[in-house]
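The values are calculated or read from the model by the stated rules, or taken from the named source; none is laboratory data. Everything numeric here is computed off the predicted structure, so don't read it as measured data. Because the Cβ atoms are built from the backbone with ideal geometry, glycine has one as well, and the counts that use them run over all protein chains shown. Ligands, DNA and RNA are stripped out before the accessible areas are found, and what is left, the full protein with its side chains, is counted by its heavy atoms. Shrake-Rupley method; radii C 1.70, N 1.55, O 1.52, S 1.80 Å.
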Amino acid sequence: MVFSANSFLWTAELAGIGHSSPVIANGRVFTASANQETGEQVVEAWDLFSGRKLWSRTLPGHIFPKHAFNSFASSTPALDGERLYYAWAVPESLHIVALNQSDGAVVWQADLGPFVSQHGFGASPIVFEDLVILPNEQDGEGSVVALDATTGKIRWKTPRRTQKTAYSTPCLLEVDGASPQLILTSWAHGIASIDPETGQPLWELNLFHNRTVGSPLAVGDLIAASSGEGGIGREMFVVRSPHSSREKPEVVYEVKSNIPYVPTPVAYEGRLYLLYDKGVVSCVELNSGKLVLRQRLPGEYFSSPVILGAKIYCISRSGTVVVLATGDQFHLLGTSELGEGTHSTPAVADGILVIRTFRNLFAVRAISRSQPGI
């Protein structure tokens, strides 16, 4: 048993259902859910330490056909020092809104036009300096858009080729001595880099023959990314980004089995940990791809693994929390049942692990201030 009754600081019931992951800033937890009957969106704020609800904001929406594994609230909010940015889509409109973190007041909102997808929406915005960047990689006309964080006005918009909706969220690659890069993945572009300040495409490796759901991971100048179809990962590569326009990106190695499709990998102390959707964890050397360990876990997984206190937390689709030791040997530290399923990735702050199931929120004291542990 990983969690005892004393492990839980608090639990709370959410206003709706969703797969959006919780996010934390300034002692507050923010969540996004949807009313299953109306499709309305509900963004809520909670006190991280007590679980007291601070505010709730309802946003428009309606129900529409989507994949059974998706939800009407699957995008995860992004945060800066003052505001929360949340995106959701109905077939007629891709919406993004900025809310004050303090009280949930609407600062601005934008409609980016129709969103055409067989399976619904799921990508998340990210913040770069004074920009909010949102991928709009759909079955219709695709793009990546950067909006002014203060006003919501479009600062740049970069067209993207279309080959099935991409659900991956971009990440920033920042290496000392080099300009930052925005890393995106999709079937049409493979692994690609854009200048986050201007939207100018920098390079791409067109490696994929399947859609992308899990997000890319940047560690130093290395990028790990996968694609898949039919509920499993089909392709995964680790590539090295060029440091200047005179260099080209290169494939360092390919992962050829037990490839994650939905979960994003996590890196720690020179190791890359991969969680295959069907319940297999693998550890490879980050720089070489050499297999260190591989072990089957109970259940299936959409949530991405997180590392806290040198422990890996994996949460299955049915709500089983599996905790593993990091390192070169497989060591299962324990499991606990949440009592409800989840497709969301936990958030971590101040030694507290915040887990979101379909309808509920759990705050767990995972690390004490004096000693790592559970």
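Values as computed for the structure displayed
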{"read-out": "Qualifying residue in segment 62-81 (condition: more than 23 Å from Ala349 (Cα to Cα), acidic (Asp, Glu) and open to solvent by 30 Å² or more (accessible area, probe 1.4 Å))", "value": "no"}
{"read-out": "Only one of Ser245, Ser288 that is part of a loop (DSSP other than H, G, I, E, B), touching a Phe, Trp or Tyr at 6+ places or on another chain (Cβ under 8 Å) and among the hydroxyl-bearing types (Ser, Thr, Tyr)", "value": "Ser288"}
{"read-out": "Segment 326-342: number of residues that are in contact (Cβ under 8 Å) with a residue 60 or more places away in the chain and open to solvent by 30 Å² or more (accessible area, probe 1.4 Å)", "value": "2"}
{"read-out": "Matching residues, segment 217-234, being open to solvent by 20 Å² or more (accessible area, probe 1.4 Å) and not aliphatic (A, V, I, L, M)", "value": "Gly220, Asp221, Glu229, Gly230, Gly231, Arg234"}
{"read-out": "Filter result (of a type in the set (S, T, N, Q), in a strand (DSSP E or B) and open to solvent by 60 Å² or more (accessible area, probe 1.4 Å)) within segment 1-55", "value": "Thr11"}
{"read-out": "The lone exception for Leu131 - which of (1) within 23 Å of Leu184 (Cα to Cα); (2) loosely packed, with under 15 Cβ neighbours inside 10 Å it fails", "value": "(2)"}
{"read-out": "Flag for Phe358 being touching a Leu at 6+ places or on another chain (Cβ under 6 Å) and aromatic (Phe, Trp, Tyr)", "value": "no"}
{"read-out": "Residue in segment 191-214 that is within 17 Å of the chain's Cα centre (by Cα), in a loop (DSSP other than H, G, I, E, B) and of a type outside the set (A, V, I, L, M) present", "value": "yes"}
{"read-out": "Selection from segment 104-115 of residues that are surrounded by fewer than 16 Cβ atoms within 10 Å (Cβ to Cβ) and either touching a Phe, Trp or Tyr at 6+ places or on another chain (Cβ under 6 Å) or not in a loop (DSSP other than H, G, I, E, B) (or both)", "value": "Val106, Gln109, Asp111"}
{"read-out": "Matching residues, segment 5-31, being out of contact with any Leu (no Cβ under 9 Å at 6 or more places or on another chain) and under 17 Å from Ala87 (Cβ atoms)", "value": "Gly16, Gly18, His19, Ser20, Ser21"}
{"read-out": "One residue from Ala347, Ala310 being at pLDDT below 95 and open to solvent by less than 60 Å² (accessible area, probe 1.4 Å)", "value": "Ala310"}
{"read-out": "Within segment 135-158, considering residues that are β-branched (Val, Ile, Thr) and part of a loop (DSSP other than H, G, I, E, B), the one farthest from Leu112 (Cα to Cα)", "value": "Thr150"}
{"read-out": "Qualifying position, being in contact (Cβ under 8 Å) with a residue 12 or more places away in the chain, of a type outside the set (Val, Ile, Thr), open to solvent by less than 20 Å² (accessible area, probe 1.4 Å) and not in a loop (DSSP other than H, G, I, E, B), among Leu184, Leu172", "value": "Leu184"}
{"read-out": "Subset of segment 244-262 that is of a type in the set (Ser, Thr, Tyr) and within 24 Å of the chain's Cα centre (by Cα) - its residue that is nearest to Tyr301 (Cα to Cα)", "value": "Tyr261"}
{"read-out": "Residue in segment 85-93 that is surrounded by fewer than 21 Cβ atoms within 10 Å (Cβ to Cβ), in contact with a strand residue (DSSP E or B) (Cβ under 7 Å, 6 or more places away or on another chain) and of a type outside the set (A, V, I, L, M, F, W, C) present", "value": "yes"}
{"read-out": "Residue count for segment 198-216, restricted to those that are open to solvent by 10 Å² or more (accessible area, probe 1.4 Å), within 20 Å of Ser124 (Cβ to Cβ) and either acidic (Asp, Glu) or touching an Asp or Glu at 6+ places or on another chain (Cβ under 9 Å) (or both)", "value": "1"}
{"read-out": "Given (1) buried (at least 16 other Cβ atoms within 10 Å of the Cβ); (2) at pLDDT below 95, index of the condition Ile315 fails", "value": "(2)"}
